[in-house]
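The values are calculated or read from the model by the stated rules, or taken from the named source; none is laboratory data. Bear in mind the structure is a predicted one, so any value in this text is a computation, not a measurement. Here the Cβ is made from the backbone with ideal geometry for all residues, glycine too, and neighbour counts use every protein chain on show.
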Amino acid sequence: MQKKYIAIITLSLMSMGGCQAPGGEAGGAGAFAGFLPLVLIFVLFYFLILRPQQKQGRKRSEMLKSLKRGDNIITSGGVYGKIVSVADDVMTIEISKGVNIRIARSGIAGLQPSEIAEAKEDKSGK
């Protein structure tokens, strides 16, 4: 899919050379036509790259703010655990029965999918 967008951008950049007024005349429409491909490229980048990144960043910060005791999480290092306590930016998570580690809130990648959390609780309950 990225190859498709790269081709569109390349064609837009190549077309910028053909937007000059003939005979060296500087016309108002020629100047606008020269900037049009640049504006289109910026709009394309905004909707394909910047906007989705901003949405993802907002979603992550909301998830990190909403973490509470008892949530099953995955750290950015791939460690699965359960939040035991929350204190400002440091959390204590239990990764195995009797094994607790402290981790920064920013080190949490996300919440565990419910199926994995249920399977882990079933194994520890046996």
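Quick rundown of the values:
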quantity	calculated
Test: residue in the stretch 11-21 that is surrounded by 11 or more Cβ atoms within 10 Å (Cβ to Cβ), at pLDDT 85 or above and either of a type in the set (D, E, K, R) or not in a helix (DSSP H, G or I) (or both)	no
Number of the condition not met by MET1 [criteria: (1) surrounded by fewer than 13 Cβ atoms within 10 Å (Cβ to Cβ); (2) modelled with pLDDT of 75 or more; (3) of a type outside the set (S, T, N, Q)]	(2)
Counted residues, the stretch 32-74 - those being of a type in the set (Asp, Glu) and surrounded by 14 or more Cβ atoms within 10 Å (Cβ to Cβ)	1
Qualifying positions in the stretch 46-88 - among the small types (Gly, Ala, Ser) and under 15 Å from ILE101 (Cα atoms)	GLY70, SER76, GLY77, GLY78, GLY81, SER85, ALA87
First in the stretch 30-52 and closer than 12 Å to ILE8 by Cα, second anywhere and hydroxyl-bearing (Ser, Thr, Tyr) and surrounded by 12 or more Cβ atoms within 10 Å (Cβ to Cβ), Cβ under 8 Å, 6 or more apart	PRO37/SER12; PRO37/SER15; LEU40/SER12; ILE41/SER12; LEU44/TYR5
